[in-house]
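Q: Below is one structure. I have some questions about it.
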Amino acid sequence: MLAYRHAFHAGNHADVLKHLVLIQLLQHLNQKEKGYRVIDTHAGAGAYRVGGSAQQQEWADGVGRIWGATDAPAGVAAYLESVKAVNGAGKIKLLPGSPLIAQHHLRAQDELHAFELHPTDLRQLEKLLTGLKGIHIHLGDGYQGLLPLLPPPTRRGLILIDPPYELKADYARVLAAVRGVLQKFPDAVLAVWVPQLQRLEAQQLPQRLVNAMKGVAKKGWLDASLTVLPGQDRGFGLLGSHMVVANPPHTLGPMLAAELPWLAERLGQFPGAKGVLRAGA
Ligand SMILES: C[S@@+](CC[C@H](N)C(=O)[O-])C[C@H]1O[C@@H](n2cnc3c(N)ncnc32)[C@H](O)[C@@H]1O
């Protein structure tokens, strides 16, 4: 049984970066009338209640630090809107997860396929989204479920791969999934979340993903990272994260170049906190 529960991490600095990028990708797809398919390979519970145990306070150093900011740049403002959409303007009571954020953006012609392996999270996700038009929730392995859904009939698709990296195998499986997706569907808008950890596999994965995207993804690649904590002697802790994107909209790079320094200043917990953006063809 998997031990990882996203409830402990919801709304942290990594969720802020991940969901900010996800929203930009969804908004970009919504600029054209033709429908698209979103595939969320590691969906989680869809929404997470704030409060309760002390372990569930990571959001305080994530969205909690920027909630109510009056000078948020456009991408951050769009992300904060998605949190407001489930809370109103007052205190944060509920943190939206990726499938709920995606569902908020879908139009009648679009669809979402969400995969989740943990039965408790799956039940919560079903409660939240089952019965809504265009929503398909699957109990199962997202890596296995992904390829048969590609390419979508409209040849417009957004894939989010956001594993817990609880198992070492996740590093190799993510890379294999990216190669498989781009081989079948080189136009896929494909976003992969990668943790910044003091572990070699995590440090190597962003460049490995970029190498898999280079020259294969029709519209290039982008790697945005946000580091908020310094490496520690004991080697534990999530220091920051990356979002590595294949076929990013051309507006995403310039937008993140402006937003990452703002985020690093607000979410950084040491003087070396920084956002880094790389992109290529
Ligand atoms: C980081 S969380 C997902 C968070 C979610 N994407 C969000 O942004 O709100 C990862 C989830 O993947 C689930 N999981 C782990 N391995 C999986 C697999 N092979 N297929 C599908 N889900 C998996 C875990 O139970 C966990 O809920």
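Readers should treat all values here as calculations from the given coordinates under stated rules, not as data from a laboratory. Quick caveat, the model's predicted, so the values are computed rather than measured. We place every Cβ from the backbone using ideal geometry, glycine too, and count neighbours over all the protein chains shown.
Q: Given axes a ≥ b ≥ c from the Cα gyration tensor, I'd like to know whether segment 219-281 is rounded (a/c under 1.5), prolate (a/b larger than b/c) or oblate.
A: Numbers: a/c = 3.66, a/b = 1.82, b/c = 2.01.
Since a/c reaches 1.5 but b/c is at least a/b, the shape of segment 219-281 is classed as oblate.
Q: Just to verify a number: FRET efficiency for A77 and Q31, C-beta to C-beta distance, R0 = 30 Å, to 0.05? Write out the running numbers ahead of the final one.
A: Values: r = 18 Å, r/R0 = 0.60.
For R0 = 30 Å, the calculated efficiency reads 0.95.
Q: I would also like to ask the following. Using only Cα atoms, figure out Rg for segment 81-181 and give it as a multiple of 2.2 N^0.38 Å.
A: Details: Rg = 14.9 Å, N = 101, 2.2 N^0.38 = 12.7 Å.
Dividing the Cα Rg of segment 81-181 by 2.2 N^0.38 Å gives 1.18.
Q: If you don't mind, there's one more thing I want to ask. Could you name the aspartates and glutamates whose alpha carbon sits less than 18 Å from that of K168, not counting residues in the same chain fewer than 8 places away?
A: In chain and number order, the partners are D141, E201.
Q: Quick check: from the Cα gyration tensor, does segment 1-146 come out rounded (a/c under 1.5), prolate or oblate? Walk me through the intermediate numbers first.
A: Values: a/c = 1.89, a/b = 1.12, b/c = 1.69.
Oblate, since a/c reaches 1.5 and b/c is not below a/b.
Q: Run the reach check for K133 against lysines, Cα to Cα strictly under 28 Å, same-chain hits fewer than 8 apart removed. What comes back?
A: Within the straight-line cut-off, K133 pairs with K18, K32, K34, K84, K93, K184.
Q: With a ≥ b ≥ c taken as the square roots of the eigenvalues of the C-alpha gyration tensor of segment 161-281, please select rounded if a/c is under 1.5 and otherwise prolate if a/b is larger than b/c or oblate if it is not? Before the final figure, lay out each step's value.
A: On the way: a/c = 2.69, a/b = 1.28, b/c = 2.11.
Oblate.
Q: Which of the trypsin sites (Lys or Arg not before Pro) found in segment 3-69 are in a DSSP loop and have at most 11 neighbouring Cβ atoms, other than their own, within 10 Å? Working shown, then result.
A: Values: sites: R5, K18, K32, K34, R37, R49, R65; in loops: R5, K32, K34.
Within segment 3-69, the qualifying trypsin sites (Lys or Arg not before Pro) (loop, at most 11 other Cβ atoms within 10 Å) are K32, K34.
Q: Scan segment 1-106 for GluC sites (Glu not before Pro) in coil per DSSP, keeping those whose Cβ has at most 13 other Cβ atoms within 10 Å, and list them by number.
A: Sparse-neighbourhood loop GluC sites (Glu not before Pro): E33.
Q: Ratio of Rg to Rh for the chain, alpha carbon only, Kirkwood?
A: Ratio of gyration radius to Kirkwood radius for the chain: 0.93.
Q: Moving on to the next point. Once R0 is set to 45 Å, what does the formula 1/(1 + (r/R0)^6) return for the Cβ-Cβ distance between Q144 and A69, expressed as a FRET efficiency to the nearest 0.05? Don't skip to the end; give the middle numbers.
A: On the way: r = 40 Å, r/R0 = 0.90.
According to the calculation, E is roughly 0.65.
Q: Just to confirm the filter: which chymotrypsin sites (Phe, Trp or Tyr not before Pro) across segment 153-242 are DSSP coil and have at most 12 other Cβ within 10 angstrom of their Cβ? Let's see the in-between values first.
A: On the way: sites: Y165, Y171, W193, W221, F236; in loops: Y165, F236.
Those that pass, being in a loop and sparsely packed, are F236.
Q: At K127 and K274, where each label point lies 7 Å from the Cα along Cα→Cβ, what is the point-to-point distance in nanometres?
A: Modelled inter-label distance: 4.4 nm.
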